[in-house]
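Student: Here it is, the structure in full.
Coordinate-derived values only; no laboratory data. This is a predicted model, so every value here is computed, not measured. In this analysis, Cβ positions are derived from the backbone assuming ideal geometry, glycine residues included, and neighbour counts consider all displayed protein chains.
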Amino acid sequence: MYDYHNPVLLHPSVDALVTNPDGTYVDVTFGGGGHSRAILEKLSSKGKLISFDQDEDTVARAPKDPRFTLVNHNFQFTKQYLEFLKATPVDGILADLGISSHQIDVGERGFAHRLNGPLDMRMSASNPISAAHIIQNASEKELNYIFKQYGEIPNARRLSDIIIRSRGSKDLSTIEGFKAAIATCTPGKTPAKYLSQVFQALRIAVNKEMEVLETLLNDAETLIKPGGKLVVISYHSLEDRLVKHLFQTGNLEGNRHTDLYGHISKPFDNQPNAAITPDEAEIESNKRARSAKMRIGVRNTWKRTHS
Ligand SMILES: C[S@@+](CC[C@H](N)C(=O)[O-])C[C@H]1O[C@@H](n2cnc3c(N)ncnc32)[C@H](O)[C@@H]1O
C-alpha cells in the first residue's frame, strides 16, 4: 500500500495531535507524506498544514491541496519559517524522526550497510558533509565520540583507530570499501547488528540529528498555543531521552527544579506519562515500527521567566 514509507503509529499520533479541525498544524518530517495526509483528512476547509522535509526527493510527493505548504528545508528552522509564514502560535507539531524507508532502500543514498553505494548518508544534498567526509577527516577523538555516543559501540576506540590507520591505503568512500576496512573490528557472529550501530552513529553525526532535535524541542514552547500538542515519534534512546526530559522536567537535561511547594514548572504536560509503542500487529506488518516510541506533550499556560 505504501511504496515510499509505511507510516508508524499513524492513527494514534494523528488522533492525539489534531483536536481543532480549523487549526494550523505542522509536520516537521513529511517523508512520504503518510502522517501529513492523515492530518489533512482531519482538517476542515479552514485548517492548515505546514510540513517540512530537507530531502529534495520528497517534494514530488507533496499533496496538491490549498490548505498545505511544504517547506523543503531543515526543521531546525521551524521557528523562523513559521514566523515568516505568520503561522505562530500553531495548534500542534508532529515529528516522526529519523529516515524513511525510501531513503534506506536507495543504495545511492548510502544509509544501508546491506546495499552498496557511496558512503553518503546526507538527508539533503545541500549538506556539504557526507559520512565519507567524516570518516576521512574527523580526528580520532571525534570518531570515538560519534561511535560511543551515537552508536553505543563497545569497541569504539579500536574502530576509530582502524579507520585512522586505513586512511590513504583503503577505499573509505564506498559502503563496501568501508565495511572491508573495519572487518577486523566487526564481530563475526552479529555483523549486521554491529554495522547497524556504526551506520546509525555516522548518520546522526552527518545530519547533526541531536543538535537539530534540541533546537526544535527548545523552540516548541514558543510555537505551540496552550492546549496544543507536541507529538514526537523517536527510534533510538538518545532522541527519546531528550523528549522525555522536556516533558517531565521542562529542560532537555532532565534536571528537576521545584518551587516552594515541590511543583515542577514546565511548558508541556506529558500525556500519558509513559511512552506509547506500536502494538504487535503493527510491528508484525512493519518491522521499522519495532523501535518506535511516541510521547505526547500538551502545552500548558506556563511562561518561562528565566533563560
Ligand atoms: C521517518 S521519515 C517520516 C515519514 C513520514 N511521517 C511519513 O508518514 O511518510 C523522516 C523524514 O524526515 C526527514 N527529516 C529528518 N530530519 C529532518 C530535519 N532535520 N529537517 C527536515 N527533514 C528531516 C527525512 O528526510 C525523512 O524524509
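Student: Just to be sure I understand, how many residues within the stretch 3-23 are surrounded by fewer than 17 Cβ atoms within 10 Å (Cβ to Cβ) and over 22 Å from Asn286 (Cβ atoms)?
Tutor: Count: 3.
Student: A follow-up question, please. Which residue pairs have Cβ atoms under 8 Å apart, sit 6 or more places apart or on different chains, and have a first residue in the stretch 51-73 that is farther than 17 Å from Ser101 by Cα and a second that is more than 12 Å from the ligand (Cβ to nearest atom) and of a type in the set (D, E, K, R)?
Tutor: That search, which allows pairs on different chains as well, returns Arg67/Lys48; Phe68/Lys48; Thr69/Lys48.
Student: Determine whether Glu108 is under 21 Å from Asp27 (Cα atoms), charged (D, E, K, R) and part of a helix (DSSP H, G or I).
Tutor: It is false that Glu108 is under 21 Å from Asp27 (Cα atoms), charged (D, E, K, R) and part of a helix (DSSP H, G or I).
Student: Further question on the same structure: Looking only at residues that are among the hydroxyl-bearing types (Ser, Thr, Tyr) and in a loop (DSSP other than H, G, I, E, B) in the stretch 155-186, which one is farthest from the chain's Cα centre (by Cα)? Outline the logic, then answer.
Tutor: So in the stretch 155-186, the residues among the hydroxyl-bearing types (Ser, Thr, Tyr) come out as 160, 166, 169, 173-174, 184, 186.
Imposing the further condition that a residue be in a loop (DSSP other than H, G, I, E, B) reduces the set to 169, 173, 184, 186.
Values: Ser169: 35, Ser173: 25, Thr184: 31, Thr186: 27 Å.
Looking at residues that are among the hydroxyl-bearing types (Ser, Thr, Tyr) and in a loop (DSSP other than H, G, I, E, B), I get Ser169.
Student: In addition: Does Lys79 satisfy the condition of being more than 25 Å from Met210 (Cα to Cα) and either out of contact with any strand residue (DSSP E or B) (no Cβ under 8 Å at 6 or more places or on another chain) or of a type in the set (A, V, I, L, M, F, W, C) (or both)?
Tutor: no
Student: So for the stretch 244-253 (the condition being within 14 Å of the ligand (Cβ to nearest atom) and farther than 18 Å from Phe52 by Cβ), does at least one residue qualify?
Tutor: Checked against the condition, which is being within 14 Å of the ligand (Cβ to nearest atom) and farther than 18 Å from Phe52 by Cβ, the stretch 244-253 yields no hits at all.
Student: So, one more: Among the residues of the stretch 286-297, which ones are touching a residue at least 24 places away in the same chain (Cβ under 8 Å) and surrounded by fewer than 20 Cβ atoms within 10 Å (Cβ to Cβ)?
Tutor: Asn286, Arg288, Ser291
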